[in-house]
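Here is the structure we will look at.
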Amino acid sequence: MAYNTKYDVVYKALSPFITHNFLSEEEIDSIFNDDKLKFGMPYMTDYTSGEHYSDNDRLSRKDADLMNTEDDRYHWLVERLMKQVKKIIRECDFSKIDIDGISGVNLLKYEAGDRFDWHQDVNYGTSHTQRKMTMIIPLNTYYKDYTGGILKLADYIEHSNERSKKFPVKGSMITFPSYLQHTVTPITSGTRYAIVAWAAGPYWR
């Protein structure tokens, strides 16, 4: 995919940002104790064709949509995400990126063998509203609750090393531009839970 010069400038300017203690233990417990949350069927995507399919386990996870709940009980989370991503954008090297809302908030469940291959979250050319920033919040603890399932970010090895102090821990949030290639390595044991959300805005200028 080819990008023009201005896009290239944006890509070089933004880097992953860690917000420590974004969610408290009590808030995480309240999400897990929500008996109204329902996980859908495993989400699988063939990124070479753009088609969804159900007979391949190369990429898999289960999603529960937190934004489209009946009583809007996660409105507090949407507001907090929006406030924090605006703060991050103001403090980054390219502060004029346009954000006007949160386009989705999903609870992800990765079980043994699940993974998600290298991909981008952007949706160039498909909508007038574009995903600009991706936010991921781990909800349980690496090695204690699961092994494998490492979030890796292209060109940012220091954020992808589970022994690094920069690696996001339970309740912390990593925010990065949605064009950045990333992957989740296969779960080798246990179950990994995380929230993923996207901040969106008008078409890239």
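Put simply, of 119, 159, 182 the only residue that is closer than 26 Å to residue 203 by Cα, within 17 Å of the chain's Cα centre (by Cα) and surrounded by 17 or more Cβ atoms within 10 Å (Cβ to Cβ) is 182.
Taking the conditions (1) over 16 Å from the mean Cα position of the chain (by Cα); (2) modelled with pLDDT of 90 or more in turn, residue 124 satisfies each one other than (2).
Scanning region 155-205 for residues that are assigned to a strand (DSSP E or B) and farther than 21 Å from residue 109 by Cβ returns 175, 176, 177, 199, 200, 201, 202. Quick one: how many residues across region 126-155 are closer than 23 Å to residue 90 by Cβ and surrounded by fewer than 17 Cβ atoms within 10 Å (Cβ to Cβ)? Number of matching residues: 1.
Listed here are the residues, each with its yes/no results for (1) free of Cβ contacts under 8 Å to residues at least 24 places away in the same chain; (2) aliphatic (A, V, I, L, M).
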residue: 140; (1), (2): no, no
residue: 143; (1), (2): yes, no
residue: 154; (1), (2): no, yes
residue: 162; (1), (2): yes, no
residue: 170; (1), (2): no, no
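The values are calculated or read from the model by the stated rules, or taken from the named source; none is laboratory data. Fair warning: this is a prediction, and the values are worked out from it, not measured in the lab. Note that we place each Cβ from the backbone using ideal geometry, even for glycine, and neighbour counts take in every protein chain shown.
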